[in-house]
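The values are calculated or read from the model by the stated rules, or taken from the named source; none is laboratory data. On a predicted model such as this, the values are computed, not experimentally measured, just so you know. FYI the Cβ positions are ideal-geometry reconstructions off the backbone, even for glycines, and counts take in every protein chain you see.
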Amino acid sequence: MDLTELTVHELQEKLKNKEINVSDITKAYISRIDEKEKDVQAFVTVLKEEALKKSEEVQAQFDNRENNALAGIPIGIKDNINTKGIRTTCSSKMLENFISPYNATVIEKINEENMITLGKLNMDEFAMGASTEYSYFKKTKNPWNLSRVPGGSSGGSAAAVAANMVPFALGSDTGGSIRQPAAFCGVVGLKPTYGLVSRYGLVAFASSLDQIGPITKDVKDCAILLNVIAGHDEKDTTSANIEKKDYTKALKNDVKGLKIGVPKEFLGEGINEEVKSRILEAIEEYKKLGAIVEECSLDIAKYALASYYIIACAEASSNLGRFDGIRYGYRSKNFNNIKELYKNSRSEGFGEEVKRRIILGTYVLSSGYYDAYYKKAQQVRTLVKQEFEKCFNKYDVILTPTSPTVAFEFGSKSNNPLEMYMADICTVSVNIAGVPAISIPCGVDSNGMPVGLQLIGNNFAEETILNAAYTFEQQFKFREKYKPEFKI
Amino acid sequence: MQVSKEEILHIANLANLNIKEEEIEKYKTNLEEILNFANIVNNAPIDGLNETITANDSYNVFRKDEVKKFEDREALLQNAPEKERRMFKIPKVM
C-alpha cells in the first residue's frame, strides 16, 4: 500500500489502529518527493533530514495517541508563511537567503499539534500571479499535464498535494490564490472568512484581502486542517474573536433543502464551454441530492476585478515598501548613497510583475489619481459587499466555476498581464467581500484536465460550504474516478 | 487613458524603482492597458456609497502598550546584508 495516496483522515485511522507508525508516513512522503519532485518542481525548500528526525521523536512520544491526533502528520507550507530557522523566500530573489527569526501563528499551531513540516512550497513571487510562472526560482508543473501551469499563486502547494508529495498544505489567498490552483490541480482549496485565520507571520501582499487556508485531497481533510489554524490571535488585530468550532462535525452528507443561488453572470461570456458543462452537471447533481437550486444575479464580477487590482496593488505598493536592502533581504552591490541603495536593491531584487504592481499601486495612490481610482474602488467594495448580502438573504450558498478555464499552457498568458488578471474573474469578488469560499473538483474536460466548482458562503459560514462540498464529493467520488497522470 | 513617459519615471521614483530607458515603453503600455480596464469602476452604480476600507467591520482594536522583549538578536542579524559590531551597516546618510 502506498501511504501517500491516502487522505489525512485515512492516515489517522491507520495510526490509531497501529497498522502503521508515524515514521512510515514521513518516509513514504520523502521517497515520493524523491520520485516526483524532478518532474513537478513544487518545492523551494525540502526538509528531509529535519522531517525524518522529527517523525522519530514524535513516534517515541505518542504511543498512545488520541483518535483525532495530528501528531506525525506531514504538511507542506507555502513559502510566504514564516517558519523559524527555515528560509521563507516568497519565491523572490529579494528574500532568497532570508531565514525567518520567528514563526507565523499558523506555524505555532501546527507545531503544537506535532505535525511535521516537509518543506516550503513554490509560488508566484510575493503571491502575485495566477500560474506560479512568476516564481524567481522555478516553474512548477501541473501533475495532470506537465506542459500546463498548476495555477497560482499557491501553485506549489496545490501541485504538491495533487502529486501526493504532501498529504495537505497551507496556501494563501488574496484574489483566488488558494482556490484557482486547487481547481487547476483537481484538489480542494478553502479561503476562510477574512479574520478567521491569523495573518501574523504571513508576508503581507494586500492586508485587507489576504487569508491563509488549507489545500487538501478531500473536504474532510480541509475541515481537519481548518480546525487547527482557525482562531483569534491578538497579534493580528483583524482576526475575529469568535467561538472555536469543530468543522468536521458540519460534514453531514445532506443538502436537502439547502438553497443554492447560481449567478447567471458567472456562467456567461468568457467561461469555457466545457467548464460550463461540468458546472451545469454539478448543479443537476445538487438538485438530485435535494438542494433547491435557482438562477440569480450577481452582476459585479467585472467591477470587483477592476477594484481588486486597484486595491491589491495599492496595498502591495505600501506593504512592499519595507524591502529596501537595509535590515534583511537583497542588497545591491552597486550604490554611492542611501537612495541608490534603496532603488538598486529594489530594482534588482524584485521581478517584473512585482514591479508592475508596485508601479500601478503607487500610481493609483498618487496625488490627482486617488479619487479617480482608489476611492472609487473602495466604493465598489461596498457595492460588492451589499450585493453579496442581498444574495445571502435568499440563499445559503452561491455556486460558480472557480476559474473560467482549466489549467493553461506555460507561456500562454505570462506576457500579457491583463489576460493573466482575467484568470481571477470568478474568485476576486469573494476576497473583496471578505466571505469564505471553497473549490472542489467536479470533473475533467476532454483533455483530462480538472474543473473546479466554487461554493461561496456568508461570513463565518464555513460549516455550510464545507457540508455542501462534502455532500457533492461523497456522491461524485472524483478521487476514485480520476488521477493525475504526469502527462508530458 | 494616456500615461506620459515623465509620469512613469515620476511614479517609479516615488516607488524607489529604476526603470531603464528600454523598459519605459513596456511599463507605459502595461499601465495604460490596466488603467483602461480599471476605469470600469467609474461606471459602477456607486453614487452615495461609503468607502469600505477592510473586509470586516473591526475598527480600532485596542490593547495595552506593553513591551515584549525579542531576545534572539542573532536571528535578526543573520539576515542583515551588511553588519558591524552587532549593528546593521548602511552608507552615510547625513
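Being within 23 Å of the chain's Cα centre (by Cα) and either small (Gly, Ala, Ser) or within 11 Å of chain B (Cβ to nearest Cβ) (or both), is that true of even one residue in the range A:328-345? The answer is no, given that none of the residues of the range A:328-345 is within 23 Å of the chain's Cα centre (by Cα) and either small (Gly, Ala, Ser) or within 11 Å of chain B (Cβ to nearest Cβ) (or both). Filtering the range A:384-396 to residues that are among the basic types (Lys, Arg) and more than 7 Å from every other protein chain (Cβ to nearest Cβ) leaves A:Lys390, A:Lys394. Within the range B:35-45, the set of residues being at the interface with chain A (Cβ under 7 Å from one of its Cβ atoms) and either touching a Gly at 6+ places or on another chain (Cβ under 7 Å) or not in a loop (DSSP other than H, G, I, E, B) (or both) comprises B:Phe37, B:Ala38, B:Ile40, B:Val41, B:Asn42. Once the range A:290-331 is narrowed to residues that are out of contact with any Pro (no Cβ under 9 Å at 6 or more places or on another chain) and polar (S, T, N, Q), the residue that is surrounded by the most Cβ atoms within 10 Å (Cβ to Cβ) is A:Ser307.
If we keep just the residues of the range A:297-327 that are more than 10 Å from every other protein chain (Cβ to nearest Cβ) and among the aliphatic types (A, V, I, L, M), which is farthest from B:Leu31 (Cα to Cα)? Taking the candidates together, the pick is A:Leu298. The residue that is surrounded by the fewest Cβ atoms within 10 Å (Cβ to Cβ), among those in the range B:2-34 that are assigned to a loop (DSSP other than H, G, I, E, B) and within 7 Å of chain A (Cβ to nearest Cβ), is B:Asn18. Looking only at residues in the range A:237-264 that are in contact with a Lys or Arg (Cβ under 9 Å, 6 or more places away or on another chain) and modelled with pLDDT under 95, the one that is nearest to the other protein chains (Cβ to nearest Cβ) is A:Thr237. If you check A:Ala377 against the conditions, is it of a type in the set (A, V, I, L, M) and under 28 Å from the mean Cα position of the chain (by Cα)? For A:Ala377, the condition - of a type in the set (A, V, I, L, M) and under 28 Å from the mean Cα position of the chain (by Cα) - is met.
When the residues of the range B:46-61 are narrowed to those that are at the interface with chain A (Cβ under 7 Å from one of its Cβ atoms) and hydroxyl-bearing (Ser, Thr, Tyr), which ends up surrounded by the most Cβ atoms within 10 Å (Cβ to Cβ)?
Filtering the range B:46-61 down to residues at the interface with chain A (Cβ under 7 Å from one of its Cβ atoms) leaves B:46, B:49-56, B:58, B:61.
Then keep just the ones that are hydroxyl-bearing (Ser, Thr, Tyr); that gives B:52, B:54, B:58.
Working: B:Thr52: 24, B:Thr54: 16, B:Ser58: 14.
It comes out as B:Thr52.
Is the range A:88-96 home to any residue that is surrounded by fewer than 17 Cβ atoms within 10 Å (Cβ to Cβ), within 14 Å of another protein chain (Cβ to nearest Cβ) and assigned to a loop (DSSP other than H, G, I, E, B)? Looking through the range A:88-96, at least one residue is surrounded by fewer than 17 Cβ atoms within 10 Å (Cβ to Cβ), within 14 Å of another protein chain (Cβ to nearest Cβ) and assigned to a loop (DSSP other than H, G, I, E, B). Scoring B:Gly48 on the criteria (1) modelled with pLDDT of 90 or more; (2) under 24 Å from the mean Cα position of the chain (by Cα); (3) in a loop (DSSP other than H, G, I, E, B) leaves a single failure, condition (2).
Scanning the range A:347-362 for residues that are in a loop (DSSP other than H, G, I, E, B) and touching a residue at least 12 places away in the same chain (Cβ under 8 Å) turns up at least one hit. Listed by first and then second residue, the pairs with beta-carbon distance under 8 Å, at least 6 apart or on different chains, first residue in the range A:74-85 and free of Cβ contacts under 8 Å to residues at least 60 places away in the same chain, second assigned to a strand (DSSP E or B), are A:Thr83/A:Ile77; A:Thr83/A:Thr117; A:Thr83/A:Lys120; A:Gly85/A:Ile99.
Elements of the type strands (runs of 3 or more DSSP E) sitting completely within the range A:146-251 and holding at least 3 residues that are closer than 20 Å to A:Glu315 by Cβ and under 15 Å from the mean Cα position of the chain (by Cα): these cover A:168-173, A:211-216. Of all residues in the range A:353-383, those being more than 7 Å from chain B (Cβ to nearest Cβ) and in contact with a helix residue (DSSP H, G or I) (Cβ under 9 Å, 6 or more places away or on another chain) number 10. For the range A:175-197, a tally of residues being at negative phi, away from chain B (no Cβ under 13 Å) and either out of contact with any Leu (no Cβ under 9 Å at 6 or more places or on another chain) or not β-branched (Val, Ile, Thr) (or both) returns 12. Considering only the range B:62-94, state which residues are facing chain A (nearest Cβ under 10 Å) and in contact with an Asp or Glu (Cβ under 9 Å, 6 or more places away or on another chain). Across the range B:62-94, the qualifying residues are B:Arg63, B:Phe88, B:Lys89, B:Ile90, B:Pro91.
When you scan the range A:252-263, do you find a residue that is on the phi > 0 side of the Ramachandran plot and touching a Gly at 6+ places or on another chain (Cβ under 7 Å), even just one?
Yes.
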